[in-house]
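First up is the structure itself, then whatever we jot down about it.
The values are calculated or read from the model by the stated rules, or taken from the named source; none is laboratory data. Keep in mind that this is a model prediction, so the values were computed, not measured. Quick reminder, even Gly has a Cβ in these numbers, built from the backbone with ideal geometry, and neighbours come from all protein chains shown.
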Amino acid sequence: MKPVQPELRARELRELLATYSYEYHVLDNPSVSDAVYDSLFTELKSIEAEYPELITPDSMTQRVGNELIGGFQKAKHSSRMLSLNDVFDRSEVEAWVKRIDKLLPGRKHEFFADIKMDGLACALVYQDGLLVQAITRGDSFVGEDVTENVRTIKNVPLRLRKVSGFEQFLSGRTEIRGEIVMLKKDFAKLNKKRLAAGEPEFANPRNLAAGTIRQLDPRLVSERPLHFRAYDLLRDNPDELPTHMFAYQALSALGINRNLEASVFDNLNGVMEFIDKWDKKRQDLPFNTDGLVVKVNNRQQYAKLGVVGKQPRAAVAFKYAPEQATTILRDIVISIGRTGAATPVAVFDPVIVAGTRVQHASLHNADEIERLDVRIGDTLVIFKAGDIIPQVESVVTKLRPDTAVKFNFEKALKTQYPELEFDRPLDEVVYRVKGATGDILLKLSLEHFASKAALDIDTLGEKNVVALVDAGLVNDLADIYTITVNQLLQLDRFAEISANKLVEAIANKKTPLLEKFVYGLGIRHVGVQTAIDLVNNFESLDTLQQATIDQLIAIDGVGEVVAESIIAWFADPDNEALLQKFNNLGVQPVFVKKTGKLVGVNFVVTGTLTTMSRDQAADQIRTLGGTFQTAIARDTTYLVVGQNVGASKLEKAQKYGTKIINESDLAEIIK
């Protein structure tokens, strides 16, 4: 018997494993058991380990790469990743069809309809059939290169399948656009494991998919069950794709998952029947959805209809009526926005609405509270406007308890913000901070964001902050990441060197430490140490955003007032939009687990230090993993005593058995 040739055997194994993967992940009809697949995969790994020169980019063994250093690189899209205009009922769909008929009179239209997936938009680029790049949506023009992470998604083929009649797509550039999603069953399994391990549940599949794909370590991504589902196919020669349905047929032939429910109709009645069908059956889908996409099927007509703004004329997104749920109002807290406006936020028991967990919603203003007659303790009806923004629809007054408390807006302002004064102009419904314009608040917020304790952005001090805001270059914190050298050169304060220096300093802070980013946001009552405590507990911004009051209060040093302030900040629509803008601009805060010899060691400093400032001492303690506390507690390890010390902290330290040391002892510990 002839000995096995490694090169031939490796090639045969790669082709067979690709076929088995396609059967399993795309057709959902495996022809062999997992054990057979695993055995053949192990054999291929063994051959490649012995003969590394035989490794190819499309080998199944190459799905998981190395950790990215320095974050994701930017990548331009071949054409803009457009969004769609929303429609909500038949009359709006009919109006859309009339506009099309007016622009293309006398043309017969077919309509292509597919279920809209709730995931992270991504473009896969194949060159001569081989996967070479994966790019997130980003700002629609430029996204992030997440190729190494997308390669770990098991239903993404590393090489497109060769099928008779579709060979042209294996030559040149083929771009496939779709959504990265986490299926509902996989999400439920993952949360079940987290609960068993005593970890907080993830909020919803979409946020988890988006957060996972932005992890810098592909090995972590490979551990999460993500799926890719395509919705479009692009080629340099548009004539190769006459219709959207043909593009879907090509996707299936090439080995790409797409929705098999997609259909073509020659009249509006068929489209509306399809919409009604999936309104009733959408809970049976394996992924979350908030509606359908309807397009002109003929791609030549589609292109001819053109684009208005960032929406194509030839397509719309039909959004289903929002789902509703009831829950009990626990409190109303007030958030102060960047313009000084005081916005009331309803905090209620967490409830699932339209597939996501919701625990707070804006009540907009005092008049809205009066109109709805909302009282603390009431049962609320919550819905999602456009399946996106949670809102309070009404109060179930028949369930109102005797203990329900009417909300006094002005009293709440005085209680929650005793150091501020508010007024409400006669022609407005909003209370605002007295004597503080939006520009003043923005300048203070930006100074804080750029400060040493926060992002520590070199050269972005008070005078430059004032110049940027006054020139209109910055309207919120995220805008600093859009500033260009040419814009700065138009201002009197900047020459070429200083302009380049500032732009570079800002760019260098696109992946700040998560605790510094959280502190920099300026959430009321959240100081440096509280930000660290929050980050150490929740480990990601998404998880912190979804935290309940009970989860927050359970953290040492976070009381009810601080917890309510955090809830209010994340519930403010302006702040939600700000965080999304940071994300779109590629700002990705990084969580780094604390290490060092002082992990678990807590310090309090009292009196004046002579060889270092209190802030310098705090920084060094935190760098070594320790905790810098502002007051002595039962878990305080050391009380550092400087000069001019009061008696109260010494007495408390002795009461709790805290070790008392001097400045030289501290210097020795943090040396």
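Here are a few things to note about the model shown:
- All positions within the stretch 20-61 that are in contact with a Gly (Cβ under 8 Å, 6 or more places away or on another chain) and among the aromatic types (F, W, Y): Y22
- Filtered residues of the stretch 505-537 (kept if hydroxyl-bearing (S, T, Y) and either under 19 Å from E447 (Cβ atoms) or surrounded by fewer than 18 Cβ atoms within 10 Å (Cβ to Cβ) (or both)): T511, Y519
- When L609, L544, L598, L552 are checked against the criterion of being at negative phi, touching an Asp or Glu at 6+ places or on another chain (Cβ under 6 Å) and crowded, with 16+ Cβ neighbours inside 10 Å, a single residue qualifies: L609.
- Of all residues in the stretch 521-546 being among the hydrophobic types (A, V, I, L, M, F, W, C) and touching a strand residue (DSSP E or B) at 6+ places or on another chain (Cβ under 9 Å), the one that is nearest to I457 (Cα to Cα): V528
- For first residues located in the stretch 178-199 and in contact (Cβ under 8 Å) with a residue 12 or more places away in the chain, partners that are part of a helix (DSSP H, G or I) and lie 6+ apart or on another chain with Cβ distances below 6 Å form the pairs I180/A209; I180/I213; V181/A209; M182/P205; M182/L208; M182/A209; F187/P205.
- Test: residue in the stretch 287-295 that is in a loop (DSSP other than H, G, I, E, B) and more than 31 Å from the chain's Cα centre (by Cα): no
- Count of the stretch 82-116 residues which are at pLDDT 90 or above and touching a strand residue (DSSP E or B) at 6+ places or on another chain (Cβ under 6 Å): 9
- The number of residues in the stretch 633-645 that are in contact with a Ser or Thr (Cβ under 6 Å, 6 or more places away or on another chain) and closer than 17 Å to T530 by Cα comes to 1.
- Qualifying residue in the stretch 426-441 (condition: under 30 Å from D139 (Cα atoms) and in contact with a Lys or Arg (Cβ under 8 Å, 6 or more places away or on another chain)): yes
- Close Cβ contacts (under 6 Å, 6 or more residues apart or on different chains) running from residues in the stretch 513-532 that are of a type in the set (F, W, Y) to residues that are modelled with pLDDT of 90 or more comprise F517/P589; Y519/A454; Y519/A531.
- Top-ranked residue of the stretch 369-387 - restricted to ones that are of a type outside the set (G, A, S) and touching a residue at least 60 places away in the same chain (Cβ under 8 Å), ranked as nearest to G291 (Cα to Cα): D387
- Checking the stretch 481-499 against the condition returns a match, with at least one residue being closer than 25 Å to R214 by Cα and part of a helix (DSSP H, G or I).
- Residue that is assigned by TED's automatic domain parsing to the domain that holds K162, more than 26 Å from T356 (Cα to Cα) and touching a helix residue (DSSP H, G or I) at 6+ places or on another chain (Cβ under 6 Å), where the choices are V264, V221: V264
- Among residues of the stretch 123-148, those that are buried (at least 23 other Cβ atoms within 10 Å of the Cβ) and part of a loop (DSSP other than H, G, I, E, B), counted: 1
- In the stretch 149-172, the condition of being assigned by TED's automatic domain parsing to the domain that holds Y302, touching a residue at least 40 places away in the same chain (Cβ under 8 Å), closer than 24 Å to Q301 by Cβ and crowded, with 20+ Cβ neighbours inside 10 Å is met by at least one residue.
- Any chance L233 is at pLDDT 95 or above, part of a helix (DSSP H, G or I), surrounded by 18 or more Cβ atoms within 10 Å (Cβ to Cβ) and in contact with a strand residue (DSSP E or B) (Cβ under 8 Å, 6 or more places away or on another chain): no
- Looking only at the stretch 73-104, and only at residues there that are β-branched (V, I, T) and in contact with a Phe, Trp or Tyr (Cβ under 9 Å, 6 or more places away or on another chain), the one that is surrounded by the fewest Cβ atoms within 10 Å (Cβ to Cβ): V97
- Considered as a group, the residues in the stretch 8-45 that are surrounded by fewer than 14 Cβ atoms within 10 Å (Cβ to Cβ) and over 19 Å from L158 (Cα atoms) include one that is modelled with the highest pLDDT, and that residue is L8.
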